[in-house]
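**Student:** Have a look at this one.
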Amino acid sequence: MRPAILFVDENQDVLDGFKRVLFKMRKEWDMDFVSSAEGALEKIEQKSYNAVISDINMSGISGIELFEVVRENHPKIARIFISESADMKTLIEVLGTAHQFLVKPVDPQALKHTLCRVMSLRDYLKDSKLNKLVNKIVSLPSQPEVHLQLLQAISTSSLKEIAKIIKKDPAIAAKILQLVNSPLLGIRKRIESIHHAITMIGVDILKALVLSLEIFSKFHLTGLSRKELDEIFNHSCAVAHYARIIAMEITNDKTTANDAYIGGLLHDIGKVIILSEFNDLYFKIKDRYLQSQHRLDQVKTFSFQVEEEILGVSHGKLGAYLLALWGLPEILVETAAYHHSIGEYYYKMFSSVTAVHIADAVKRSETNSTTTTTELPIGLDLAYLEGLNMNIMEKIPASINKINELKGFQP
């Protein structure tokens with residue numbers, strides 16, 4: 001069945017423009033076009049849509065009101081705003097109602113790319129077990145507020161203005177300063193201000209830190225669940241640091257290292273969704289995994305394998321679904337999807353995904369005390385790594401030594 005997409009705009013010229021731009025896609029996508037939110041709601045009740053693309057400012061029911069109804073009654077539909085206005089007030093107003101935001105006049109390629117990503121996500125994650133699980137989630141979270149503000153400000157504002165946005169949330173600002181002062185970043189001078197932090201780490205890592213911090217703060221969990229959330233966050237931060245070091249040691253390429261850091265921060269976001277939406281099953285998975293580690297009569301299993309057994313899918317695939325829905329770069333979606341199953345990854349060269357795969361194995365072995373500092377960590381896909389032809393296996397121990405060296409340094 002072709003994916004169904006609904007376009008909503010009261011300007012008929014805009015709708016006609018969509019039809020022209022997407023004419024070649026008509027055999028692949030089932031597209032409908034309506035000129036009002038009222039008409040859109042009628043269509044949605046009559047037909048199952050994968051995505052709705054709507055203008056914000058319409059007479060009668062506004063685009064925001066339309067998406068609020070869609071979010072409430074049809075939370076699985078991807079919601080994409082297209083508007084002539086992209087000011088901060090508008091962005092803040094649409095927070096929580098849209099998954100993605102495009103600015104008019106929309107570049108035809110950008111529109112196609114956005115829709116193709118949503119549709120390819122549907123194909124990539126066509127797994128019936130995943131769809132069944134996603135359909136049980138009340139409402140997938142939208143992109144967090146401060147992160148969206150940063151995306152808007154970075155292209156138009158000074159570092160000083162960007163720092164002001166961060167400071168609006170003292171908790172996030174404090175956590176960023178704590179993270180950038182980690183000895184694992186290798187910065188030899190203590191950083192005391194957000195402005196200084198931005199100049200040292202760059203806006204890409206800053207965006208990822210803010211996104212990660214906001215995601216983890218969105219979930220108001222208590223007791224044991226809160227403790228688990230903190231553990232996932234701390235693990236993700238450690239993997240981010242480790243992945244950056246590993247990427248630099250193996251490639252000496254800053255872009256790959258930054259992508260590895262960002263991917264490390266977000267690689268376990270699927271676990272957060274499981275903890276929040278399927279709390280009882282999360283702890284059932286953890287208990288079964290821990291029990292398996294103490295049995296001498298069977299091969300050790302990994303937590304993602306227990307997730308597949310109980311939920312039908314792993315946290316990696318679930319996390320990839322959310323990151324792709326938000327329109328984050330493909331490399332981050334791939335990191336979430338393949339950090340455990342990298343043997344399935346189409347790219348057969350060292351990348352930031354490879355660095356996160358290694359870093360995650362290093363951190364888990366470190367946490368579980370399953371290896372010494374001179375051994376390769378359990379969980380590495382040795383066949384994939386050996387096939388990269390970069391002497392990766394020889395470089396991993398050196399990377400681990402570098403991590404241990406930096407851990408002992410305090411700025």
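**Student:** Return the subset of K47/K136; K175/K317; K317/K348; K27/K47 for which the Cα-Cα distance in this structure is over 25 Å, preserving the input order.
**Tutor:** K175/K317
**Student:** Efficiency by 1/(1 + (r/R0)^6): what FRET value for S59 and Y347, r their Cβ-Cβ distance, R0 = 56 Å, to the nearest 0.05?
**Tutor:** For S59 and Y347, the calculated efficiency is 0.70.
**Student:** With each run of n ≥ 4 DSSP H residues scored as -39500 (n - 2.57), what mean residue ellipticity at 222 nm is computed for the chain after dividing by its residue count and rounding to the nearest 500 deg cm²/dmol?
**Tutor:** Taking each H run of at least 4 residues, the total per residue is -18500 deg cm²/dmol.
**Student:** Under a 5 Å amide H to amide H cut-off, with H placed in plane at 1.01 Å, what residues pair with M31 once short-range neighbours are removed?
**Tutor:** I5
**Student:** Then there's this: Sorted from largest down, give the three principal axis spans of the alpha carbons of region 311-361, whole angstrom values.
**Tutor:** Result for region 311-361: principal-axis Cα extents of 26, 25, 19 Å.
**Student:** What net charge is computed for the residues neighbouring P377, neighbours being all others with C-beta under 11 Å from the C-beta of P377, Lys and Arg scored +1, Asp and Glu -1?
**Tutor:** After counting each charged neighbour, the total is -1.
**Student:** So for the chain, taking the charge dipole from beta-carbon charges (+1 Lys/Arg, -1 Asp/Glu), which of F302, L133, M390 sits furthest toward the positive end?
**Tutor:** M390
**Student:** Based on alpha-carbon atoms only, what is the radius of gyration of region 220-407 relative to the globular estimate 2.2 N^0.38 Å?
**Tutor:** Cα-based Rg divided by the globular estimate yields 0.99.
**Student:** Take each of the peptides 278-291, 191-204, average the number of other beta-carbon atoms within 10 Å over its residues, and list them starting from the highest.
**Tutor:** Ranking, from highest mean packing down: 191-204, 278-291.
**Student:** Okay, next question. Quick one: helix 254-266 against the long Cα principal axis of the chain, what's the angle to the nearest 10°, folded into 0 to 90?
**Tutor:** With rounding to tens, the tilt is 80 degrees.
**Student:** Count charges around H339 for me, please; just the other residues with Cβ under 10 Å from its Cβ, Lys/Arg as +1, Asp/Glu as -1.
**Tutor:** In short, -3.
**Student:** Let me ask something else. Label-point separation (nm) for K218 and S292, each offset 7 Å from Cα along Cα-to-Cβ?
**Tutor:** It is 2.8 nm.
**Student:** Then there's this: Scaled to the compact-protein estimate 2.2 N^0.38 Å, what is the alpha-carbon radius of gyration of the chain, rounded to two decimal places?
**Tutor:** 1.03
**Student:** Multiplying the sequence separation of R2 and T199 by 0.36 nm and subtracting their Cα-Cα distance, what value in nm do you get?
**Tutor:** Result for the pair: 66.2 nm of gain on full extension.
**Student:** If you don't mind, there's one more thing I want to ask. Multiply the residue separation of E38 and E72 by 0.36 nm, subtract the distance between their alpha-carbon atoms, and state the gained length in nm to one decimal.
**Tutor:** Extra length available between E38 and E72 comes to 10.7 nm.
Only the coordinates and a few stated rules stand behind these numbers; no lab work does. This structure is a prediction, so every number in the text was calculated from the model and none was measured. Neighbour counts run over all protein chains shown; Cβ positions are idealised from the backbone, glycine included.
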